[in-house]
Structure formats: structure tokens, C-alpha cells
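Participant: What follows is a single structure, and I will ask about it in a moment.
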Amino acid sequence: MLFTWLMLAGLILLFAPQNITNRFQFAFARTFRWPLSIGRSISLSARSQQPPDDVVARREYNQLRNYADNLEQTLIQERKRSKKLYGLYNKYIWDGAEFVLAEVIRASTDGPSFELIIDRGQNNGLAKDQFVLGDDAVVGTVSDVWLHQARVKLITDASSNLAVQIGRFKAVMKGAGAGLAKIELAKHRVRTGDNVYAVKKPAFLDSPIIVGTVINCQSNQEHPLLWDITVKPACDIEALEGVAVIVMNRQK
Amino acid sequence: MRWFRFAVLVLVAAVLQAGLLENFDFKPDLLLILLVFFGVYCRTSDAIITSFTIGFAADLIGPAMGPQIISFGLFGSLLAYLHRVIVIRKMPYQALTIFITGLLTGVLAHLLNLLKERVPASGVWGGLFGISLCSAVIGPFLFLPSLWWMRIRTHRPSRY
């Protein structure tokens, strides 16, 4: 019984908010600050008698540690990029295609326009109308290019027109906002769950790549023989942090 | 059980641990040594209370409140129940008990710290092994002054 109550008290301490439990530690440190400081100064003076070759100044130590931490983070980032590129090159066997990895600087996914600003531009071989992949699916095309940045028009943007195919049937998909795209007045009925692919486009895309899936297909109200198809992107665009731009036949 | 003397002993150990021994890499855990000491020399109910109290003191000087009180309380209580069956009086056995208890409490406290997202950057397992080993080497020798301070008389088996 005693054990149970004490264990319960321990669990309460464990799961209590940190700002409350910290008060115990601060109270202890305040109460015993004099003996604690004496003990620390004694131990520090004992340690400082070590050979000077093994010791660096605190500032230098902090600088070196920060440098090492930054280097470690850079290494992690580079490993991620390398892994991503390795995966891309092994998935799509296209002659002359290159993938330029880019980070998303700014994303507009809930306003009038749906677009991304990425940190790669003309300097990296980017050009207008190139296809942009996110999570191995087409998320948009390059609409504007500057020297070091580019704008990507997402497939959900109202002004986006992308040639797509569902099975053997081809159509033009437009952005519908709210994270969706649509194909209006389609001649063929498709099933919910069918994949939608971007059709190949010479000099830009050598083979079809998935864009999204059909989530709704209903007959048009004005033209009952034609169909309105709603498409959900295959990639969670809002969660995108990086993209890959397909650069075909890049001039070295 | 002399509770006032116990409180003074635990406070002194906590202050020494957080002050004097703080800056050393290879150091004993005085509170761990006390945990095993009271587990070995006290009655079961007293040992349970001392385990949680020492755990609380370890939390006061640790990275977060909670992990040590649970790990010390749990393994201190287990040690107290084990003491009902096995009497640990010889110094090598006491050292081994300190070493094993140190590893177990350290691992559990580390896992609970993970739960609270208060994790030391690196070298946790190496540090844990070093502290347990150092405590095991020094601990049995600290039992003697602790026995004197707590006025605990060890039972000597009669010749007859």
C-alpha cells in the first residue's frame, strides 16, 4: 500500500507540468546555493590543475561545439538530399534528365493563388514550364524563374492547365483551389480512385508521372452527357518542405 | 529508524553530488550508495520510504522531476523485499548490488527522461556504466560511516 501511494506520487511528479515541478529544483538550489557554489568552485579548481594542453577556453570550446553541431546538421541535410536523388535516379530512367532539389522558401496554399517559391533558379538550370515533383508526384510547373529563385504554380492553382491522362482518356486538368483540381466536361466517365497522370511532354517530361487520384466523378448539370471530375493531388502539398525540378537535356 | 539523521545524510549527499562532484567525469553516485545502504540495512517499510525520498532528492539535482523518484523507488523497494530473503553483508556482494542497482535505476531513469524529452546529448550509457562502477567501488566503504551516523547496529551471528 505504502509503495503504491509513493509510486503514485512519483508518477504525478513525472507527468506534472515542467514549470510547476521546476519550482522544487529552484527552491533546493536557492536554499543550498552557498554550499553548492563552494563545492563547485573546489571541484573546478581541482580540475583546472590538469595539463594545459588538454584544456581550451570556454569560448573556444563553445565555438568549436557550435561548429561541430552545425556541421552535423549539414551532414544530415546532405545525406537526405543524396538519398532523395539516389531514389529519383533509380526510379525514373530517362536519358538526359536531371533532378534539381530545392527547398520551399514560401508556400501559398490557402489564398487566391496556389504557388511555391523555391530556392533554385536560372543558375541551377531551371526554366519556365519545367515539371516539379513532390513526394514523387507532379505538384506543379515552374511559372517564373529568377537568378536564384523560382515560382512554382501548383496544380491546384486556378490558372493551372495541365495535360493529364486517366487510363487511355486524355484531358486538361485545372486547379480548383482548396487543395483540389478538376477536369470539366470530360467525355468519359471514370471511377473514384483512378490515378491521374501528367502526360509526357517533349523536352519536359519523358514518361507519365502521377498527379493525383479521382475522388469524385459526377455528370455536368448543364451538359448531362459530360462529366466533371474532381482530383486530389497525390502529394500533401501543404506539408512539402522540398521539391525536385525535372531538368531535361541540361546544357553544361 | 532515525529520520532526522536520515534527512541530514540525504541532504548532505545531494549537496555534495550537485556541488563537489558535479564537475568530475568519473564520480560515484552518493544517493545510489545510500539507496542500497538503506535497502540492505533497514526494515522493508523503512527501506521503501527511504528509496522514494532518496529518489526525490536525486530528482532535485537532476534534469527533471519524476524519473529518479520512480526508478529509485521501484528498485529500492525491490531490493528491500530481496533483503527479506538474502542478507547482503559482505563487501563484494554489496559492491555488486550497488553496480546492478545503479545500472537498473539509470536505465529506467533514462527511459523516463526520454518520455519527458529531457535527454542528455550523448554518452549516456558510458556515463551510466562509469558512475555505477565507481559507486560500486567506493560504496561499501561509505557504508561504515553511514552505519555509525545512523546508529545502526549490525547483527553478528553468535558462535553458539
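The values are calculated or read from the model by the stated rules, or taken from the named source; none is laboratory data. Computed from a prediction, not measured in an experiment: that's the story for all the values here. Heads up, the Cβs are rebuilt from the backbone with ideal geometry, glycines too, and the neighbour counts pull from every protein chain shown.
Participant: Would you check which residues across the stretch A:1-41 are over 40 Å from the mean Cα position of the chain (by Cα) and in a loop (DSSP other than H, G, I, E, B) and list them?
Facilitator: A:1, A:32
Participant: May I pose another question? Are there any pairs with C-beta distances below 7 angstrom linking a residue in the stretch A:168-193 that is assigned by TED's automatic domain parsing to the domain that holds residue A:220 and within 17 Å of residue A:109 (Cβ to Cβ) to a residue that is aromatic (Phe, Trp, Tyr) and buried (at least 17 other Cβ atoms within 10 Å of the Cβ), with the two at least 6 apart or on different chains, and if so which?
Facilitator: Sorted first by the residue in the stretch A:168-193, then by its partner, the pairs are A:175/A:114; A:177/A:114.
Participant: Might you let me know whether the stretch A:179-189 holds any residue that is farther than 30 Å from residue A:126 by Cα and in contact with a Cys (Cβ under 7 Å, 6 or more places away or on another chain)?
Facilitator: Within the stretch A:179-189, one or more residues are farther than 30 Å from residue A:126 by Cα and in contact with a Cys (Cβ under 7 Å, 6 or more places away or on another chain).
Participant: Can you pull out the residues in the stretch B:77-97 that are crowded, with 20+ Cβ neighbours inside 10 Å, within 30 Å of residue A:16 (Cβ to Cβ) and either away from chain A (no Cβ under 14 Å) or without any contact (Cβ under 8 Å) to a residue 40 or more places away in the chain (or both)?
Facilitator: B:77
Participant: Here are the criteria: (1) more than 10 Å from chain B (Cβ to nearest Cβ); (2) modelled with pLDDT of 85 or more. Tell me which single one residue A:59 does not satisfy.
Facilitator: (2)
Participant: Looking at (1) closer than 24 Å to residue A:24 by Cα; (2) crowded, with 19+ Cβ neighbours inside 10 Å; (3) within 14 Å of chain A (Cβ to nearest Cβ), find the lone condition where residue B:111 falls short.
Facilitator: Residue B:111 satisfies every listed condition except (2).
Participant: Shifting gears a bit: For the stretch B:66-76, how many residues meet the condition of being buried (at least 23 other Cβ atoms within 10 Å of the Cβ) and either at the interface with chain A (Cβ under 8 Å from one of its Cβ atoms) or closer than 21 Å to residue B:23 by Cα (or both)? Quick ask: steps written out before the conclusion?
Facilitator: So the first thing to find is which residues in the stretch B:66-76 are buried (at least 23 other Cβ atoms within 10 Å of the Cβ), and the list is B:66-73, B:75-76.
Adding the requirement that they be either at the interface with chain A (Cβ under 8 Å from one of its Cβ atoms) or closer than 21 Å to residue B:23 by Cα (or both) leaves B:66-70, B:73.
Looking only at that region, the number is 6.
Participant: Additional query: Would you mention how many residues in the stretch B:13-27 are more than 7 Å from chain A (Cβ to nearest Cβ) and over 22 Å from residue B:125 (Cβ atoms)?
Facilitator: The qualifying residues number 2.
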